[in-house]
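S.K.: Have a look at this one before I ask anything.
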Amino acid sequence: MASADRTDQATLLLRLSLGVMYLAHGLLLKALTFGLAGTVGFFLSKGLPAWLAYATIVGEITGGALLLLGLVVSIAVALPGDGPYALAPERRRQA
């Protein structure tokens with residue numbers, strides 16, 4: 001098997017895996033399990049603005065769907081996800 005074939009297969013596997021992970025995390029966990037109000041409350045409890053919770057949910061769901069479909073992949077991986085949580089003031093004080 002040629003090296004280019006393996007690279008293409010690995011890229012596809014990673015793209016599909018990340019797409020499923022983002023979609024499941026955004027839709028199942030944030031939107032359906034905790035709900036919009038619960039997610040917003042969590043973000044507020046960490047000192048983050050409420051609008052960021054909505055942006056995170058939309059970013060994870062949209063990004064996951066785009067990755068699964070293989071559309072605008074470079075934009076999909078740049079959508080917010082949980083990055084803002086990692087930058088929360090409370091987390092910086094603990095480090």
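S.K.: Which residue, of L23, L18, L28, L13, is of a type outside the set (S, T, Y) and either in contact with a strand residue (DSSP E or B) (Cβ under 8 Å, 6 or more places away or on another chain) or farther than 18 Å from V73 by Cα (or both)?
M.R.: Answer to the selection: L28.
S.K.: Oh, and also: At least 3 residues that are modelled with pLDDT of 85 or more and surrounded by 11 or more Cβ atoms within 10 Å (Cβ to Cβ) in each: list the helices (runs of 4 or more DSSP H) lying fully within the chain that qualify.
M.R.: Per the criteria, 3-23, 35-45, 50-69.
The values are calculated or read from the model by the stated rules, or taken from the named source; none is laboratory data. Being a predicted model, the structure only gives us computed values, none of them experimental. Don't worry about glycine lacking a Cβ; one is built from the backbone with ideal geometry, like all the others, and counts go over all protein chains shown.
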